[in-house]
Amino acid sequence: MVVNGFVNVVITTIERRFGLRSMQTGVIAGGYDMASFACLAPVTYLGGRSSSSKPRWLGWGVLLMGIGSLLFALPHFLVPPYKVAGEEPDDLCIVNATVSSSLKDESEEGGAWAVAVFVVAQLLHGAGATPLFTLGVTYIDENVSKKMSSVYLGVYYTMAVVGPALGYVVGGQMLKIYTDFATVDSETLGITSLSSSWIGAWWIGFILSTFLCLIVALPLLAFPYELPGAAEIRASKVSEAHEGAATKTAAFSALRELPKATAALFKNPTFMFLNLAGASEGLLISGFAAFLPKLIENQFAVNPSQAAMLLGVITVPAGGGGTFLGGWLVKRWRLACAGIIKLCVVATLLAAVFSFSFVLSCDNYPFAGVTISYNSPSISGGDRLAAECNAHCGCGPRAAAVCGADARAYASPCRAGCARALTRGAHTLYQRCACVAPVAELPVYYDAETNTSIPYEAINSTCSSECQYLWLFVFLSFCLMLFTFIATMPALSATLRCVQEEQRSFALGLQWIVVRLLGTIPAPLLFGFLIDRACRLWAAGACALYDNLHMSRYMLALALVGKLCSLLFFFFAWWFYRPPGGKNNNAVAPSAELPGHDKTNGNLPTVATIGNGTLDRSNGYCNQALECSDHL
């Protein structure tokens, strides 16, 4: 909820509040993965030892996340109240005015230290969350039967998808509240949440998460070393490890044996290709989680709160349902390791097809001077926002886009040549705007208090979009996310099954290192770099307008290349997999026969007889067959 929900929702807001570029917010988003990468090896190795208490590692990690959330909200309290662009007299067109140096946006100066604080907070988030998806997963797997493991882990990972969805929804609602609501009444400012200069209360969610982390950490610290019955479950499990994996258990008791344990895992081709597939999937999931709200905002002209709500609605059924469905299919079809990887191949192929949803692109926003010309001759040698209609106004650098009666957006009331402003409730109406093209009939604003209708030439709101692709894009994104997350649980199950029992915690740690290093760490930087390249207008350090076609093509290229790489790696993981015995590559675990029946299949002995309570356990599938049959 915090890292993949709140943080991603507020990225656009903190860009405007502190004057940041997408590359800088990409560094902030990547801070979580950088810390997780640095902490994975020691945490999984030390926490995975037989003498370590996994719940204790989990509890202290959650407390560390709470501290990180508190620090993330800190910049809000270290800056003066937000100065709304457009509310000063200098933002109107004043004849023969000169631009004052004091008009320089103060957020430009404060951006660097804010980035540092946000990155440190994300580092604490990453360090605290490291045990959750390594030690937490193995703790569940060790304490439930092999038959039920996929279901429990499916529920666990479903919660990890519901969390970001909840973060999108709750964080989006917080953005409807003005950032300085405790000291400033937003209705007196003449702006609404639809105004381009609106800054929502991005920091509330992080204060909330600080208290939630404290509440969650206390019971986690109280869990025992292992749950009752864990010893019997551990004794009943039979390995499905890749045949080439180390047959002798590597000792996991001292750091000096770390290279030997690592080498044993690196010699497992199935494990390594699953790691690479996880890296390419992680790159896409991490990048789109951070910047998909920005894509929806700019492509379809919706405000941050609406974009967050849409993503929340998509993520709950698609991400959560796909994660749980993937785990359930493994159990329902009683898939062995090879069959699980085949399921990943099919799901990834379908996801690659739906990646073409990013072909959808709307026309560029009608922004005067950038995507559309002014209704006035331009000035030679001047900037593109200048025209004869506003040349004498002395417009400052602040951006507070307004929508003109001619359905064009202007960078500020001054750039629209507006000489008069009227504040009515949460709206600011502008009149005598020299740059706004004359229309047959001016729009009017009805003032309920005075029972009057006020005509205006511009208003501090966004112009409506005529693009009809929003809901089609939402549907295709839903399908893309569904099939992407269907593969996550099977991929995890395949990872746990293709390595030795004693290597599981460390194997997950190594996998997350590969995923972080090749996927989730560079992802926000790569996405941020390409999104910055699609910017058409910079204002106060942040991008005020993007080129929709370039942005959609960049996202399409990233999605297709990433999915095709995942498909290739999953295929190689299946191709090189060798089950115990080396002769049987069945995708489905064989069913157990009734006592007295002979079975000659694959690597079972010529006669495998169950009698008198004894069983030949030479086959790695025998125990699984017994667990999966209903009549035994």
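The values are calculated or read from the model by the stated rules, or taken from the named source; none is laboratory data. Worth saying up front: this structure is predicted, and the values here are computed from it rather than measured. Cβ sites come from the backbone with ideal geometry, for glycine too, and all protein chains shown count toward neighbours. Side chains are part of the model used for accessible areas, which takes the heavy atoms of the whole protein and leaves out ligands, DNA and RNA. Shrake-Rupley method; radii C 1.70, N 1.55, O 1.52, S 1.80 Å.
Taking only C-alpha pairs under 8 Å that are 6+ residues apart, what is the relative contact order of the stretch 466-576 in percent?
That works out to 11 percent.
Please give the Cα centre distance for the stretch 309-342 versus the stretch 414-444, rounded to the nearest Å.
What the calculation gives is 52 Å, centre to centre.
Report the extension gain between residue 549 and residue 266 in nm, rounded to one decimal, defined as 0.36 nm multiplied by the number of residues separating them, less their alpha carbon distance.
97.7 nm
Whole-Hz Karplus ³J(HN,Hα) for the stretch 177-193, in order, using 6.51 cos²θ - 1.76 cosθ + 1.60 and θ = phi - 60°, x for Gly and Pro?
8, 5, 4, 9, 4, 6, 10, 10, 8, 5, 5, 7, 8, x, 10, 10, 5
Would you kindly state how much longer the chain becomes between residue 422 and residue 218 on full extension, computed as 0.36 nm times their sequence separation minus their alpha carbon distance, in nm to one decimal?
Values: separation 204, 0.36 × 204 = 73.44 nm, distance 5.39 nm.
Extra length available between residue 422 and residue 218 comes to 68.0 nm.
Residue 116 to residue 447: extension gain in nm, 0.36 nm per residue of separation minus the Cα-Cα distance?
114.6 nm
Which one of 422, 403, 370 is farthest out on the positive end of the charge dipole of the stretch 341-443, using unit charges on Cβ (Lys, Arg +1; Asp, Glu -1) and the Cα centre as origin?
Highest projection toward the positive end goes to 422.
What are the ³J(HN,Hα) values, in whole Hz, obtained from phi via the Karplus relation 6.51 cos²θ - 1.76 cosθ + 1.60 with θ = phi - 60°, for each residue of the stretch 21-27 in sequence order, with x given for Gly and Pro?
Ordered by residue, 3J(HN,Hα) equals 8, 5, 5, 5, 5, x, 4 Hz.
Which entries of 147/331; 267/342; 342/563; 54/260 show an alpha-carbon separation above 18 angstrom in the structure shown?
Flagged as over cut-off: 267/342; 54/260.
Read phi for every residue in the stretch 432-448 and hand back ³J(HN,Hα) as whole Hz from Karplus 6.51 cos²θ - 1.76 cosθ + 1.60, θ = phi - 60°, with x for Gly and Pro.
6, 9, 5, 8, 6, 5, x, 10, 4, 9, 5, x, 10, 10, 8, 9, 5
Nothing charged except the Cβ atoms of Lys and Arg (+1) and of Asp and Glu (-1): what's the magnitude of the dipole of the stretch 363-477 about its Cα centre? Round to the nearest 20 debye.
320
List the residues whose amide H sits under 5 Å from the amide H of residue 539, counting only those 5 or more places along or on another chain, with H placed 1.01 Å from N in the peptide plane.
Amide H neighbours of residue 539: 544.
Determine the order of 551, 148 by accessible area, beginning with the largest, at a probe radius of 1.4 Å. Spell out each step's value before the answer.
Working: 551 0, 148 65 Å².
Final ranking, largest accessible area leading: 148, 551.
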